[in-house]
Amino acid sequence: MSIIETRNLNLYYGQHHALLDINVDIEENSITAFIGPSGCGKSTFLRTLNRMNDMIPNVKITGTVKVAGEDIYQSGVDVEILRKRVGMVFQQPNPFPKSIYDNITFGPKLHGVTNRHELDEIVEKSLKAAALWDEVKDVLKKPAYGLSGGQQQRLCIARALAVNPQILLMDEPTSALDPISTAKIEELLDELKETYTIVIVTHNMQQAARISDKTAFFLNGELVEYDATPVIFQNPSDKRTEDYITGRFG
Amino acid sequence: MVPGVLFSSSLITVLTTVGIVLVLLTETVAFFGEVSIIEFITSDRWTPQFADKHFGILPLLVGTMMITVIASLVALPIGLATAIYLSEYAPERVRKVVKPILEVLAGVPTIVYGYFALTFVTPLIRSLIPETSIYNALSASIVVGIMILPMVASLSEDAMLAVPRKLRDGAFALGATRFEVALKVVVPAALSGIIASFVLALSRAIGETMIVTIAAGALAQVTFNPLESVQTMTAFIVNISLGDVEPGSIESKSIFAVGMTLFVLTLTLNLIAQFISRRYKEEY
């Protein structure tokens with residue numbers, strides 16, 4: 001069953017038509033990768049799925065985006081609840097300038113969890129799920145900024161998991177990391193897809209090929225091709241996809 | 001050549017400060033040669049111009065504190081709320097209009113504020129509470145609060161704007177509302193700047209002279225009723241230096257002792273603020 005469905009989704013930044021008629025169905029408990037050259041609209045599209053584009057002035061959106069059957073652009077949709085269900089991890093690790101513990105509990109506290117014991121449990125569970133527990137369990141009260149870049153990014157993943165989302169959107173989550181940290185996060189994603197639906201934007205085609213079940217190729221705001229990952233990388237039907245994945249441009 | 005010129009420029013500031021402190025110190029020492037420091041600290045009467053002279057700093061200290069506290073009650077909450085509005089809510093075009101207005105407000109001469117207090121705020125208070133003195137602490141301190149408000153708002157907003165956008169994004173993505181983002185992410189991250197703005201504003205309130213001289217009266221008394229006249233340390237210094245006090249007399253020396261007290265007070269405040277902002281600083 002598709003947990004995300006977009007129909008004729010168009011997005012304009014002022015006069016600029018940034019996304020053209022995007023139709024995508026994303027399956028539950030899978031990893032879907034969005035690839036394409038810089039400025040192709042893949043990140044913009046990702047941010048329409050939890051309405052993070054709302055914050056940018058002069059953005060206009062037409063068409064529908066359904067998350068678990070609900071049109072998220074209808075009036076009356078609770079954006080805060082939507083973002084709780086659709087978590088997001090960003091390109092640059094962005095922990096809050098607080099302790100590791102407070103970073104994880106930030107989301108749950110927003111949504112009304114106050115019980116100390118319950119918060120402790122969430123912290124342990126989220127950090128374990130993000131494969132960070134063993135490294136930080138003795139320094140939970142230390143500032144998050146003392147962690148390495150890769151650890152910070154896993155902390156951000158743990159922070160997103162702490163509010164118990166169904167979907168995790170990831171915007172080039174490893175582009176600021178070294179290869180070892182990247183490998184750790186890729187390994188983690190493979191485990192996380194048992195529980196969550198993951199949508200990842202990546203600049204790195206090998207990464208898409210390694211970890212994703214389905215891949216969407218974007219070019220100039222258009223969804224050129226969307227298919228099972230092996231098909232996209234071995235037998236693409238569109239010439240432009242083939243040119244891109246074989247490195248002829250981009 | 002260039003480093004030399006730059007160095008002498010910075011030397012001027014340093015030397016001026018040293019000079020001021022030295023003058024304050026020598027005159028204060030001379031003052032305490034004639035008046036016991038115990039009287040200065042413990043007596044609750046300040047009557048240097050009367051035949052029966054008393055030199056207890058307490059009335060002036062209480063007057064100054066009352067003005068400062070009420071002014072802060074006006075300026076800190078409203079200033080911080082303004083800063084949060086401007087940095088987290090206001091559309092760009094509103095911000096572009098409001099920010100310069102704030103800065104103009106910060107540039108209004110204090111004498112204008114003083115007469116604003118005396119001729120507008122005081123009658124207003126007296127129409128509500130008729131038993132209020134013409135010269136009263138409340139009117140002066142409200143206007144001092146209005147005077148320091150733009151400083152709090154403008155400096156706090158600068159500190160909040162400097163908080164990276166990615167921190168806000170992180171909180172929004174967890175389902176935080178705009179208000180929660182402002183209160184739980186932006187304000188804590190900008191806290192050292194916000195505290196700095198508070199302290200600067202408090203120091204200005206403590207050191208404010210014109211408004212209190214005009215509107216708060218010249219009655220040095222220990223009172224906690226803001227509807228009565230009070231005299232602040234600064235207003236006392238103005239009073240003495242305007243009048244026909246003989247140079248070298250004990251009255252004229254007393255203003256240096258008061259000035260020293262003022263100096264110690266603001267210095268302490270600055271040190272406390274530095275400590276607080278270092279202690280609670282969230283580095284990003």
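The values are calculated or read from the model by the stated rules, or taken from the named source; none is laboratory data. This structure is a prediction, so every number in the text was calculated from the model and none was measured. Here the Cβ positions follow ideal geometry from the backbone for every residue, glycine too, while neighbour counts run over all protein chains shown. Areas reflect the complete protein model, heavy atoms only, side chains present, ligands, DNA and RNA absent. Shrake-Rupley method; radii C 1.70, N 1.55, O 1.52, S 1.80 Å.
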How much of B:ILE101 can a 1.4 Å solvent probe reach, expressed as accessible area in Å² and rounded to 10?
100
Can you tell me the FRET efficiency between B:ALA106 and B:SER36 if r is taken as the Cβ-Cβ distance and R0 is 45 Å, rounded to the nearest 0.05?
0.60
Cα-based Debye curve of region A:30-87 sampled at q = 0.22, 0.23, 0.24, 0.30 Å⁻¹ gives log₁₀ I(q)/I(0) of -1.01, -1.08, -1.16, -1.44
Most to least accessible of B:ILE214, A:ILE4 (protein chains only, probe 1.4 Å)
B:ILE214, A:ILE4
Roughly speaking, what % of Cα-Cα pairs in region B:16-88 are separated by over 13 Å, rounded to a whole number?
76
Using a 1.4 Å probe on heavy atoms of the protein chains only, the accessible area for A:LYS184 in Å², nearest 10, reads 90
Just to be sure I understand: with springs between alpha-carbon atoms less than 10 Å apart, which residue in A:ARG85, A:ARG210, A:ARG51 has the highest mean-square fluctuation in the Gaussian network model of chain A?
A:ARG210
Taking the Cα centre as origin and putting +1 on Lys and Arg beta-carbons and -1 on Asp and Glu beta-carbons, what dipole magnitude results for chain A, to the nearest 20 debye?
680
Along each of the three principal axes of the Cα atoms of region B:38-280, give the extent in whole Å, ordering the values from largest to smallest.
72, 41, 28
Proximal lysines relative to A:LYS239, as straight alpha-carbon distance under 24 Å, when same-chain residues fewer than 8 apart are discounted
A:LYS42, A:LYS214
Specify which residue in the list B:ILE84, B:GLY259, B:LEU242 is farthest towards the positive end of the charge dipole of the protein assembly as shown, using unit charges on the beta carbon of Lys, Arg (+1) and Asp, Glu (-1), about the Cα centre.
B:LEU242
When chain B is treated as a GNM, springs tying every alpha-carbon pair under 10 Å, which of B:SER197, B:SER36, B:SER254 comes out with the largest mean-square fluctuation?
B:SER36
Run the 1.4 Å probe and let me know the accessible area of B:LEU227, rounded to the nearest 10 Å².
30
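To the nearest 20 debye, what is the magnitude of the charge dipole of the protein assembly as shown about its Cα centre, counting +1 on the Cβ of each Lys and Arg and -1 on the Cβ of each Asp and Glu?
Rounded to the nearest 20 debye, it is 340 debye.
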Note down the net charge around A:GLU186, summing +1 for each Lys or Arg and -1 for each Asp or Glu among other residues with Cβ under 14 Å from its Cβ.
-2
Considering chain A as a Gaussian network with a 10 Å cut-off on Cα pairs, which listed residue, A:HIS16, A:HIS111, A:HIS203, attains the greatest mean-square fluctuation?
A:HIS16
Between region B:59-133 and region A:82-115, what's the alpha-carbon centroid distance in Å?
37
